[in-house]
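> Have a look at this one.
The values are calculated or read from the model by the stated rules, or taken from the named source; none is laboratory data. Quantities reported herein were computed from a predicted structural model and do not represent experimental measurements. Ideal geometry is used to build each Cβ from the backbone, glycine not excepted, and the neighbour counts take in all protein chains shown.
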Amino acid sequence: MTGTLNKVMLIGHTGDDVKMHYFEGGNSLGRFPLATNESYTNKATGERVTNTEWHNIVVRNKAAEICEKYLKKGDKVYIEGRLKTRKWQDDQGNDKYSTEIHCSEFTFLTPKDQAGGSAPQETQAQKPQSQPKNDRFAQEEDEDDLPF
């Protein structure tokens, strides 16, 4: 295989509300933590052990606004995206790294009666939903004046 793949799929619970950042030109960015759990039984002690992993989720523009409106702390959500690592320097000049999941699709999994509002169940983060699947066929329909 010569190609590469950078894809992440997570189901977890939000650790906080979405924090929004707005930029000139109308762009926006939403960030929130997502917790995933792994449980197993310790064979030596028979004790049930649960490990929690925290993920930094980044959502852009309209998808960020939808997440801000409908996602609340503790909600269950499916996230699909790609890994991206940022590098910066702290005040002492030390290199710091942060790995984030840049979300491309998400689905709210918390039932409507438990959520803060009536949330849509599935959204693609970067693609407008009103666009036809095949533009060529949509153009042919518009240009066709025949009654049959």
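> Of the residues that sit in the range 102-117 and are in a loop (DSSP other than H, G, I, E, B) and hydrophobic (A, V, I, L, M, F, W, C), which one is modelled with the lowest pLDDT?
Ala115
> Out of curiosity, is Gly15 within 20 Å of Thr110 (Cβ to Cβ) and within 11 Å of the chain's Cα centre (by Cα)?
So Gly15 does not fit the description; no.
> Within the range 25-48, is there a residue that is exposed (fewer than 15 other Cβ atoms within 10 Å of the Cβ), in a strand (DSSP E or B) and in contact (Cβ under 8 Å) with a residue 60 or more places away in the chain?
no
> Continuing with the same structure: Could you tell me whether Val59 is β-branched (Val, Ile, Thr) and surrounded by 16 or more Cβ atoms within 10 Å (Cβ to Cβ)?
Yes, satisfied.
> Considering every residue within the range 136-147, establish whether at least one is modelled with pLDDT of 55 or more and small (Gly, Ala, Ser).
no
> Those residues that are among the β-branched types (Val, Ile, Thr), in contact (Cβ under 8 Å) with a residue 12 or more places away in the chain and part of a strand (DSSP E or B), I need them from the range 49-71; list them, please.
Thr50, Thr52, Ile57, Val58, Val59
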